[in-house]
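Bear in mind that the values in this text are calculations on the coordinates, not laboratory data. Bear in mind that the values here come from a model prediction, so they are computed numbers and not experimental data. Glycine gets a Cβ as well: all are built from the backbone with ideal geometry, and neighbour counts include every protein chain shown.
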Amino acid sequence: MSESRSLLWRPVPWLFPFALILVGLVFVATSLSGTDHPDDVAAPPNVHDITVANAAPWALRQVLPGTTSSVVGVLLVSSSAATDTTYSVRAVIGRIDSPVLAPGATVGTDADTDPNAIASSRTVVTCVRWTVDVSNGTIVEHGASQLSNDPGRHDLGANDRLVSACRAATFAG
């Protein structure tokens with residue numbers, strides 16, 4: 001009886017390497033499945049924080065006079081170290097532009113609740129390439145490309161189409 005049992009257990013050590021290979025393939029397949037989020041870009045937290053803090057003021061400076069604007073989101077698309085204290089960053093910024101007073105609105109009407117102002121609002125999405133300096137908390141713009149300018153109010157969300165367009169954008173200089 002003991003001989004048949006030992007015969008049965010003889011192939012088990014040979015199966016162990018195949019089981020390890022199978023487990024490794026599962027981990028590789030999981031890592032390549034594309035379930036990562038665009039805002040999970042590998043960058044130190046201070047690079048992300050500096051980018052987000054400076055993106056909104058930058059976006060609001062791009063607005064024409066006579067327009068109110070609010071930033072609805074900032075997505076960090078890519079980040080790579082340029083020096084010990086600077087990083088090259090691409091980010092997508094979404095903002096909503098509205099006229100200061102819509103036709104027919106009265107003085108004191110809030111543009112966010114006035115149906116005329118909401119109907120004439122536009123969602124503007126821009127890809128910007130910056131150098132982020134973590135030593136002094138500043139950003140320097142190296143180019144911007146408008147990705148969309150759509151009527152209405154839309155959330156930026158985790159939009160793969162916008163992230164892909166920003167990665168593909170080329171900037172002069």
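Tell me the net charge near Leu64. Cut-off is 15 Å between Cβ atoms, Leu64 excluded, with +1 for each Lys or Arg and -1 for each Asp or Glu. Result for the neighbourhood of Leu64: +2.
Between the beta carbons of Asn149 and Ala53, assuming R0 = 30 Å, the FRET efficiency works out to 0.75 to the nearest 0.05. Between beta-carbons, use under 12 Å as the cut-off and find the net charge around Ala169, counting Lys and Arg +1, Asp and Glu -1. Local net charge: +3. Packing here is the average count of other Cβ atoms within 10 Å per residue, and on that basis the peptides 51-60, 12-21, highest first, run 51-60, 12-21.
Our estimate of slack between Ala81 and Trp14, defined as 0.36 nm per intervening residue step minus the Cα-Cα distance, is 19.6 nm.
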